[in-house]
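This report refers to the structure that appears directly beneath it.
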Amino acid sequence: VVIIKQNLNFIKALSIKSASENDFELIKTLIQQFELDDRDLHCHQFLVAKENDELIGFGRIRRHDGCDEFCSLGVLETQRFKGIAKELILARIKIATQPIYLVCIIPDYFESLGFEIVDSYPPEIADKLNYCTSELVVPEK
């Protein structure tokens, strides 16, 4: 038996939309700060999460022939663990027109959203895996 309390520390007025050029400037700064994939960035690749018109999270899709790559997902540190990343991911899934792949260090989280670990993947995703393990700061398990 456990006692559960409602956490009032959640986002009340969250909107998910395409990034604007103004958003994009902040996104580029945050990508550097969070040490995310900064290759070939374009504004049209991003969805943003906003609360009261303030950007609090973002997610990127890189389109490839035959698949999409979900990458560069970030949420402001003060806004984490409130479901913002989940909303960004689900919004992206809703508008997907081809299979979505991602390279991550937290597979359990993404499996809970319907992703599955795969052993075979398109060459673009193999390239991403190589980039992540050779260029980005990836914590050891």
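The values are calculated or read from the model by the stated rules, or taken from the named source; none is laboratory data. No experiment lies behind these values; they were computed from the predicted model shown. Heads up, the Cβs are rebuilt from the backbone with ideal geometry, glycines too, and the neighbour counts pull from every protein chain shown. The protein model used for the area step is the full one, side chains on, heavy atoms only, and it has no ligands, DNA or RNA in it. Shrake-Rupley method; radii C 1.70, N 1.55, O 1.52, S 1.80 Å.
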Conditions (1) at pLDDT 95 or above; (2) under 13 Å from the mean Cα position of the chain (by Cα); number of the one not met by Phe34: (1)
Index of the failed condition, Asp65 passing every other in (1) more than 20 Å from Lys128 (Cα to Cα); (2) open to solvent by 80 Å² or more (accessible area, probe 1.4 Å): (1)
Any hit, the range 126-134, residues being open to solvent by 40 Å² or more (accessible area, probe 1.4 Å) and either in a loop (DSSP other than H, G, I, E, B) or touching a Gly at 6+ places or on another chain (Cβ under 6 Å) (or both): no
Any hit, the range 12-25, residues being in a loop (DSSP other than H, G, I, E, B), touching a residue at least 40 places away in the same chain (Cβ under 8 Å) and open to solvent by 30 Å² or more (accessible area, probe 1.4 Å): no
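Could you list, in sequence order, all residues of the range 65-84 that are in contact (Cβ under 8 Å) with a residue 60 or more places away in the chain and not in a loop (DSSP other than H, G, I, E, B)?
Quick first cut of the range 65-84, residues in contact (Cβ under 8 Å) with a residue 60 or more places away in the chain only: 79, 82-84.
Correct list: Gln79, Ile84.
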Meets criteria (open to solvent by 40 Å² or more (accessible area, probe 1.4 Å), within 22 Å of Ser20 (Cβ to Cβ) and touching a residue at least 60 places away in the same chain (Cβ under 8 Å)) for Glu87: yes
